[in-house]
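What follows is a short report on a single structure.
Any read-out appearing in this document is the output of simple, stated calculations on the displayed coordinates, not a laboratory observation. Computed from a predicted model, the values in this text were never measured in an experiment. Don't worry about glycine lacking a Cβ; one is built from the backbone with ideal geometry, like all the others, and counts go over all protein chains shown.
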Amino acid sequence: MDSFEGIQEFVAVAEQQGFSAAARQLGCSTSHISRQVARLETRLGVALVARTTRLVSLTDAGTLYYHQCRDLVDGLLQANEQVSAQHYQLSGILRVSAAGAFAENHVAPALINFACQHPQLSVKINFDSRLINFVEEGYDFAIRLGQLKDSSLVARKLVDRRLMAAASPAYLSQYGSPQHPEDLRQHSCIINNDNWTFQHKGRASSIRVQGRFQSNNPATLLRACEQGLGIVYLPRSNLIEAIQRGALIPVLEPFWHSGVSNWIVYQNRKFLPMRARLAIDYLLTEFAGWVE
C-alpha cells in the first residue's frame, strides 16, 4: 500500500497548480503535501513536478502520471462515498463550465441552492463558451447550448427552449417588418451565428443572414436590438422581458423554430465523483418539466 501514498496529494497539486492551494483543498499543511509528493517522486525515480519560485507545473512524466492517476483517485473517492452513502457530506470543489444567459439566470441560482444544501462543498462556475478539456482543466461538467459534437462525451438534456425573432419598434418603423424568413436578406440582423433555422408546417429551412452587429453574448445582442441595430433571433427567455415592456416586437412568429436545447455535458469515464453525480441529478430534477 506504500506505493499509493502521495498520489492524492500529487493529483491535488496538479489540479490546483500549487502546493499551498492543494493543502487548502485537502485540509492539511503545505509541508505535508510537499513531503508526500517528494516521497512519491523518490519511489518512482522520476520528477513529476517542476518547482520554481512562482509557478508549479508538471513535467512530461508528471502529466502522463496525472492522467493515469486521476481516475484512480476518483474511483477511491467513489468507493468511500458509496460505503458511507447514508452518512456522507459532500466536500471538495465542484467545477462547472457554463455559457449563455440561461446558465447565468437559471443554472447558476440552482447551483447556489445546491451549495447551500451542502455546507462543506465549494462550487466554482466559469462562464466561458469555448471548448474545454475536462481532464486537463478539472471540470466536473459543463452547461452547453446545442448539439454535442464530441462523441467521447456524455450529454444529458436539461431543457428545450423555443427560439423567437424580434426587433425594436424604431427599427420596424424605419425598415418594415419581414413577412417571411427570405425577407431577412433585405434586413440587418444581429448575429450570434449567421445561419438561422426556421420551421413552417413541420418543415425546417435555414437562411444565411448578415448585419452590422455580431456577438457571442446574448445580453449584448439584446441591447443592440433594443437600440435599433436590427433583428435578433434568440431563445424566448432572452427576449420575453423586453417584449413585455414594449422595447421589442416579435416578428416572423409563424416560422419560429420549435427550439434548441441546453445540455449537461461531462467526460465519459467510469468513475464520476459523487459531488458531480448529485449535482447533475439535482439539476435534472430541478428543471424537469421546465417551461420557457
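Each residue of region 236-241 is assigned a 3J(HN,Hα), and the resulting list reads 3, 5, 6, 10, 4, 5 Hz, derived from the Karplus form 6.51 cos²θ - 1.76 cosθ + 1.60 (θ = phi - 60°), x at Gly and Pro.
Fully extending the segment from residue 104 to residue 290, taken as 0.36 nm per residue of separation minus the present Cα-Cα distance, adds 65.4 nm. Comparing 204, 279, 110 in a Gaussian network model of the chain, where Cα atoms under 10 Å apart are tied by springs, the biggest mean-square fluctuation is seen for 204. Taking the helices alone, the chain has a mean residue ellipticity at 222 nm of -11500 deg cm²/dmol, built from -39,500 (n - 2.57) per DSSP H run of at least 4 residues and averaged over all its residues. As a proxy for reagent exposure, ranking 203, 43 by other Cβ atoms within 10 Å from fewest up yields 203, 43. Result for the chain in a Gaussian network model with C-alpha springs under 10 Å: among 245, 156, 24, the largest mean-square fluctuation is at 245. Compared with the dominant principal axis of the Cα atoms in the chain, helix 30-44 is inclined by about 70°. Which shape class applies to the chain: rounded if a/c is under 1.5, otherwise prolate when a/b exceeds b/c and oblate if not, where a ≥ b ≥ c are the square roots of the Cα gyration tensor eigenvalues? Here the chain falls in the prolate category. Shape class for region 163-258: rounded, because the ratio a/c of the largest to smallest gyration tensor axis (alpha-carbon atoms, square roots of eigenvalues) is under 1.5.
Here the Karplus curve 6.51 cos²θ - 1.76 cosθ + 1.60, taken at θ = phi - 60°, turns the phi angles of region 171-186 into couplings of 5, 5, 5, 7, 10, x, 9, x, 9, 8, x, 4, 5, 5, 5, 9 Hz, with x standing for Gly and Pro.
Going from the fewest other Cβ atoms within 10 Å to the most, the residues 123, 96 appear in the order 123, 96. Each peptide in 9-16, 178-185 gets a packing score, the mean of other Cβ atoms within 10 Å over its residues, and the list from highest to lowest is 9-16, 178-185. Using Cβ point charges alone (K and R +1, D and E -1), the dipole size of region 163-258 about the Cα centre works out to roughly 100 debye. So what's the gap between the Cα centers of region 152-177 and region 203-234, to the nearest angstrom? If we compute the Cα centre of each part, the gap is 8 Å.
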